[in-house]
Amino acid sequence: MESLGSNLIDEQPIPDLLPYLRGRRSIRKFKPMPLPQEIIDKIVEAGTWAPSAGNVQPWYLYLVLNLEVKKKLAQAALEQHFVARAPLVIVVCADSSRARSSYGMRGETLYSIQDTASLVQNMLLEAFSLGIGGCWVGAFREEEVKEALDMPHHLRPVAILPFGYPDEKPGPRPRREIREIVKVVA
Ligand SMILES: Cc1cc2nc3c(=O)[nH]c(=O)nc-3n(C[C@H](O)[C@H](O)[C@H](O)COP(=O)(O)O)c2cc1C
């Protein structure tokens, strides 16, 4: 479909994102080369442009490069060893004190999870656009992750994101039919 031209950045129409959204895959095999700092910076910045309730931005990130710590994270992630083989592992945390101070319980239990989820997706998409693979790892023992990173009480780890140059090219995983998940209310 032609762009209507209403969304311009620096006078340039932005492309339809759908082909990119279709093309992103979870990557679990990485080449061992480290990621350039410029790429890490872009991935992190992309996360910060995510929407958040009241613009509270209740997130905090650990950028883990240390192999021993990565191994502890892989262990905490129910022995998902590919986590330790990623050149960069980002642990995304929800900052409950920030979230609570603006919106009470709803901020802490709902918005902070939604806000950090949108930060995660921004980072995965930015990484993909730069040729970097990543995977959203949500299966982990929270206390073990907190211990591995010596995390303060007010932070809750919500996602572990291994990143690196992809060493696999998985095909798309099936999606549910649109008609199965949509009800039109006219
Ligand atoms: C909340 C959440 C938790 C996930 N946890 C894991 C996980 O622990 N390990 C893993 O390998 N993939 C995990 N994934 C990735 C999904 O398996 C993957 O996104 C899904 O199968 C669709 O594949 P695609 O990302 O390639 O489209 C998780 C994804 C989400 C959104």
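Below are the figures for this structure:
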read-out	value
Sites Asn7 and Glu68 - FRET efficiency at Förster radius 35 Å, r taken between beta-carbons, to 0.05	0.20
The chain: calculated mean residue ellipticity at 222 nm from DSSP helix runs of at least 4, using -39500 (n - 2.57)	-11000 deg cm²/dmol
Relative contact order for the chain, counting Cα pairs under 8 Å that sit 6 or more residues apart, in percent	31 percent
Alpha carbon centroid spacing (whole Å) that separates the stretch 126-154 from the stretch 70-95	6 Å
The stretch 134-186, dipole about Cα centre (Lys/Arg Cβ +1, Asp/Glu Cβ -1), debye to the nearest 20	500 debye
Dipole of the chain [Lys/Arg +1, Asp/Glu -1 at C-beta], most positive-end residue of Tyr62, Ala50, Val184	Val184
Dipole magnitude of the stretch 1-84, debye to nearest 20 (Cβ charges: Lys/Arg +1, Asp/Glu -1, about Cα centre)	700 debye
Of Leu17, Leu125, Leu73, farthest towards positive along the dipole that unit charges on Lys, Arg, Asp, Glu beta carbons give the chain	Leu73
Rotationally averaged projected area of the stretch 31-167 (alpha carbon convex hull; nm²)	7.5 nm²
Sequence-distant lysines (8 or more away, or on other chains) whose Cα lies within less than 30 Å of Lys169	Lys29, Lys31, Lys42, Lys70, Lys71, Lys72
Inter-site label distance for Gln121 and Glu142 at 7 Å from Cα along Cβ, in nm	2.2 nm
Assigned charges on the beta-carbon of Lys, Arg, Asp, Glu; the chain dipole about Cα centre (debye)	700 debye
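Values quoted throughout were computed directly from the atomic coordinates according to the rules given, and no laboratory measurement underlies them. In this text the structure is predicted, and so the values were computed from the model without any measurement. Glycine also receives a Cβ, built like all others from the backbone with ideal geometry; neighbour counts cover every protein chain displayed.
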